[in-house]
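The values are calculated or read from the model by the stated rules, or taken from the named source; none is laboratory data. Source: prediction; values computed, not measured. Quick reminder, even Gly has a Cβ in these numbers, built from the backbone with ideal geometry, and neighbours come from all protein chains shown. The protein model used for the area step is the full one, side chains on, heavy atoms only, and it has no ligands, DNA or RNA in it. Shrake-Rupley method; radii C 1.70, N 1.55, O 1.52, S 1.80 Å.
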Amino acid sequence: MTAVALPLLFTTLRRALISALCLLGAHASAATLPQAPADGLALQLSPPAPVIRDAFSFKDLGQTGDILLTGDNAKAQMEFGVRKDRITTHAALQLTFTPSPALLPGLSQLRVYLNDVLMNVLVINKDDLGTQVQRTLALTPALIGDFNRLRIELVGHYNELCENPAHTSIWVNLSSASLFTLDEQFLALDNDLAWFPAPFFDAASRTPTRVPMVFEPQPDLTTQTAAGILASYFGGLSQWRGAQFPVTYGALPSRKADDAPRYLVMWATNAQRYSFLTDLERFPLVDAPTAALIPSPDDAYSKVLLILGRDGTDLRVAAQALASGGKLFRGTQVTVKQFDPLTPRVPYDAPNWIPTDRAVQFGELIDYPEQLQALGQQPGPIKLAFNLPPDLFVWRNTAVPMRLQYRYTRPGDHGDSNLNINLNGLYLDSLPLRTRARSNEETKSFLLSMLPADLRTNVDKVLVPALKVGALNELRFDFSYTGLINSSRIGYCETHLPVDQRALIDAESTLDMSGFPHFLQMPDLAAFIHSGFPYTRMADSSETLVIVPSTLSARGLSTLLQTLGGIGAASGYPSHRLRLTDDWAQAKTARADLLVMGEMPAELRSNADANLVLTHAHDWLRQSTRSFKPNQPRTRYLPESTDPDLRTDVAASAPMAAIVGMASPFDNQRSVIMMLASTDADYQLLRDALRDVGKRAAMAGSVVLIRSSGVDSQRVGEPYYVGKLPWWLWLYFNLAQHPILLALLSTLCVLLVAFLLWRGLRWVARRRLAEPN
């Protein structure tokens with residue numbers, strides 16, 4: 001059997017085995033609780049498995065522009081995933097490309113591979129040259145698994161004799177609009193918690209994680225807290241995908257017959273149960289926190305995660321156990337005996353942030369083992385991404401040391417070969433790849449500049465490559481080789497066969513962020529939107545208090561869960577110590593950052609820092625006539641008091657929401673951020689804005705207004721600071737804001753030192769003269 005046929009055989013057998021096991025598991029009886037009778041289950045499996053069509057382009061896979069294949073860079077690849085609860089029954093690729101008009105038709109072609117198996121050869125015809133061509137080719141569905149790689153290779157010829165493989169006339173442009181089309185059939189899954197967090201979250205999915213949650217009418221605060229903990233866990237898993245948590249009270253959300261299967265979470269206590277849980281023989285009362293996975297009552301292919309308990313406290317314990325990853329979970333039902341976080345979290349230890357108390361090795365930042373290696377005639381780029389906390393004190397363009405160790409195949413003697421280094425898309429430096437060095441291993445040290453948080457959304461206008469505080473950073477290493485491929489003259493032709501080059505960035509290379517204090521000018525709603533700050537300072541939300549209305553609607557609770565999911569995505573850790581209250585009085589003694597959901601508390605409306613109030617009756621806004629652009633760089637640490645010039649009071653019935661930041665009235669090191677909304681329409685505006693990448697990028701300052709027309713950000717009022725500086729840096733920082741005073745004090749210090757030196761020298765002289773010879 002050939003090596004090419006082996007992957008096809010193994011993949012086909014694996015997919016068939018998975019399907020068989022899933023069908024057998026669907027008929028398996030449960031151990032104790034939440035399982036439908038055998039005859040009922042047989043009736044549920046009688047409908048055919050639903051099939052959906054998933055269409056996505058190269059652009060949807062992260063390819064921002066077209067791909068240019070050339071003679072010396074003739075390969076391109078895209079990666080995509082298919083959820084584990086589906087199997088692909090049909091697959092096709094609609095490839096749009098434009099070949100060079102100089103290519104030889106018939107000899108030039110594109111080879112298309114799926115998971116290293118040749119799918120098709122697209123011959124470039126004479127009529128295709130110089131024009132955009134669209135070809136549709138079938139892909140073998142049996143080869144498609146959880147993670148897949150499509151590779152396209154160019155075989156280009158412009159001359160029948162003595163060609164230069166790197167000639168500029170050899171190229172094909174692949175359009176980013178090229179489209180995959182997959183028909184995916186849902187599998188009948190086993191009711192087994194060993195697979196958790198699947199099927200609720202699947203790393204192969206490109207779309208936002210959607211976890212509908214069902215509560216009894218008016219869930220208590222402890223139940224809402226439990227749901228917030230689980231939402232932060234799913235948010236941490238979803239990361240860039242985002243997470244949505246539609247909420248319904250008292251019943252399952254409505255569903256059409258042709259809707260795709262769904263995976264829901266239902267919360268119930270012994271005292272409050274849904275109609276289909278009232279049969280105590282099938283669903284007995286529980287005496288401890290319990291999690292159970294059952295088929296949905298309205299669809300055989302949908303699943304319901306039941307979180308049960310005697311009261312809300314049990315629900316919270318069950319949610320914490322699930323949010324810890326459920327490493328011990330298996331079977332249909334699990335009873336949680338105890339859950340205790342053993343090690344308290346410390347500030348700034350969020351898993352998604354690079355440590356700032358020591359030098360960090362590149363090996364700690366990789367997502368997969370081969371990430372720091374590259375192979376090929378022109379090795380592909382090596383990329384390394386990481387996040388920084390948003391409150392790092394970056395002043396006077398402080399530099400960060402980076403120690404780089406790398407190895408590579410020695411280049412030939414022809415031309416210059418280099419290692420090109422880019423930081424956040426901007427050129428940083430080039431290092432020569434030596435041909436006759438004693439060793440092919442080298443070490444180089446750099447100093448990387450730092451950008452304040454305000455420039456993170458305006459980095460395209462910054463010409464100096466720098467790390468971005470509070471945002472995703474990317475280091476890119478390109479090993480660029482040059483060599484003699486073709487040498488020709490009249491009557492003579494010499495062509496060399498290119499060989500693959502290997503390059504590696506050593507995992508022990510380091511980036512040292514230690515020594516930077518944490519100090520940030522607030523309010524800074526951009527830091528909240530992009531990094532969840534200040535609530536992510538403690539990754540487990542132990543210093544966060546959420547204040548909610550005494551009666552929170554289903555859409556309001558959904559907005560809260562989406563917000564907590566975003567905080568979990570920023571930190572990468574569940575909010576195990578989250579606290580919720582509907583009593584503003586608790587905020588006085590909480591010693592926490594406050595997150596307010598709903599209307600502004602009456603106690604804050606008369607506060608001097610309150611610049612916006614939205615209520616049912618009327619709204620008022622204090623604003624400044626000074627222009628404010630969210631993406632405009634500003635002097636981040638200098639006080640920019642933007643006193644309000646105008647106050648406007650209006651009454652309107654159309655929906656409107658807002659996000660407002662201000663200092664806590666109880667602690668000058670704490671913040672209050674309010675997600676203001678009154679009606680379900682207001683909450684819907686808020687949820688939609690938080691999901692929209694463009695609108696999120698426009699959120700900054702101290703007040704964000706959200707209307708149907710878009711987002712408007714403003715900075716109004718006095719700034720305040722959170723964090724702490726060393727005394728000498730604090731003194732220098734404050735004096736730097738007053739240059740005249742700094743000059744006077746400097747002069748005074750010089751005179752004082754001179755006077756002390758003069759007095760000291762006089763004393764030494766008198767003592768010397770007083771001593772006998």
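Have a look at Leu285, Leu252, Leu280 and point out the one that is under 22 Å from Arg210 (Cα atoms) and either at pLDDT 85 or above or in a loop (DSSP other than H, G, I, E, B) (or both).
After applying the criteria, what remains is Leu252.
Pick from Arg330, Arg316: which is surrounded by fewer than 19 Cβ atoms within 10 Å (Cβ to Cβ) and of a type outside the set (Gly, Ala, Ser)?
That would be Arg330, the only listed residue that is surrounded by fewer than 19 Cβ atoms within 10 Å (Cβ to Cβ) and of a type outside the set (Gly, Ala, Ser).
Can you go through Thr747, Thr679 and tell me which one is modelled with pLDDT of 85 or more, surrounded by fewer than 17 Cβ atoms within 10 Å (Cβ to Cβ) and either in contact with a strand residue (DSSP E or B) (Cβ under 7 Å, 6 or more places away or on another chain) or under 22 Å from Leu595 (Cβ atoms) (or both)?
That would be Thr679, the only listed residue that is modelled with pLDDT of 85 or more, surrounded by fewer than 17 Cβ atoms within 10 Å (Cβ to Cβ) and either in contact with a strand residue (DSSP E or B) (Cβ under 7 Å, 6 or more places away or on another chain) or under 22 Å from Leu595 (Cβ atoms) (or both).
Hey, could you check region 684-707 for residues that are more than 22 Å from Phe245 (Cβ to Cβ) and touching a strand residue (DSSP E or B) at 6+ places or on another chain (Cβ under 6 Å) and say which is surrounded by the fewest Cβ atoms within 10 Å (Cβ to Cβ)?
Ala698
Looking at Glu163, Glu153, can you tell me which residue is in contact (Cβ under 8 Å) with a residue 24 or more places away in the chain, assigned to a loop (DSSP other than H, G, I, E, B) and not assigned by the TED database to the domain that holds Arg206?
Testing whether each residue is in contact (Cβ under 8 Å) with a residue 24 or more places away in the chain, assigned to a loop (DSSP other than H, G, I, E, B) and not assigned by the TED database to the domain that holds Arg206 leaves just Glu163.
Given the conditions (1) over 21 Å from Gln134 (Cβ atoms); (2) touching a helix residue (DSSP H, G or I) at 6+ places or on another chain (Cβ under 7 Å); (3) open to solvent by less than 10 Å² (accessible area, probe 1.4 Å), report the number of the one that Leu114 does not fulfil.
It fails just one condition, (1).
Scan region 241-273 residue by residue and report those that are touching a residue at least 60 places away in the same chain (Cβ under 8 Å) and either open to solvent by less than 40 Å² (accessible area, probe 1.4 Å) or touching a helix residue (DSSP H, G or I) at 6+ places or on another chain (Cβ under 9 Å) (or both).
Gly242, Ala243, Gln244, Phe245, Pro246, Val247, Thr248, Tyr249, Pro261, Tyr263, Val265
(1) free of Cβ contacts under 8 Å to residues at least 24 places away in the same chain; (2) open to solvent by 60 Å² or more (accessible area, probe 1.4 Å): which one isn't true of Gly710, the others all being true?
(2)
Mind listing just one residue for me: the one in region 492-513 that is among the hydroxyl-bearing types (Ser, Thr, Tyr) and at pLDDT 85 or above and, of those, surrounded by the fewest Cβ atoms within 10 Å (Cβ to Cβ)?
Checked region 492-513; the qualifying residue surrounded by the fewest Cβ atoms within 10 Å (Cβ to Cβ) is Thr510.
Test each condition in (1) open to solvent by 60 Å² or more (accessible area, probe 1.4 Å); (2) modelled with pLDDT of 90 or more for His414 and report the one that comes out false.
The one condition His414 does not meet is (2).
Would you tally the residues in region 166-186 being assigned to a loop (DSSP other than H, G, I, E, B) and under 30 Å from Ser205 (Cα atoms)?
Result for region 166-186: 4.
List pairs: first residue in region 577-598 and in the same structural domain as Gly312 (by the TED database), second residue assigned to a loop (DSSP other than H, G, I, E, B) and open to solvent by 10 Å² or more (accessible area, probe 1.4 Å) anywhere in the structure, Cβ distance under 8 angstrom, at least six positions apart or on different chains.
Final answer for the pair search is none.
Quick check on my filter: what residues within region 78-109 are part of a loop (DSSP other than H, G, I, E, B) and either aliphatic (A, V, I, L, M) or open to solvent by 10 Å² or more (accessible area, probe 1.4 Å) (or both)?
Selection gives Val82, Arg83, Lys84, Pro101, Ala102, Leu103, Leu104, Pro105, Gly106, Leu107.
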